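Taking it in order: structure first as structure tokens, then the write-up.
Just so you know, all these numbers are worked out from the coordinates, no wet-lab data involved. Since the structure is predicted, the reported quantities are computational estimates derived from the model, not experimental observations. As a convention, Cβ positions derive from the backbone with ideal geometry for all residues, glycine included, and neighbour counts pool all protein chains shown.
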Amino acid sequence: MGVYVIDEHDAERTMKKVAIQGVAGCFHDIAARQFFKDEVETIACDTFKDLFATIKKDNSILGAVAIENTIAGSL
């Protein structure tokens, strides 16, 4: 499984499904909606492990994952 890098041109193409760790309104949800300009359906996952399992099952689903947290540091 490779890394998929999204640029701002990808964000403007079409409605995306994006798996996030957390629930509607969390920081991952807000970041996904800002990046994709609200053209996104978020899929809430309880854990990062669940998020990666979700995107592994369906390669049309993207994942939004924080790489750093101001409280906890690097993830």
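Label separation (Ser60 vs Ala44): 2.3 nm, computed from points 7 Å beyond Cα along the C-beta direction.
Lysines within cross-link reach of Lys37: Cα-Cα under 17 Å, excluding same-chain residues under 8 positions apart? Excluding near neighbours in sequence, the set is Lys16, Lys17. The gain in end-to-end length when the Met15 to Ala31 segment is fully stretched comes to 4.2 nm, 0.36 nm per residue minus the alpha carbon separation.
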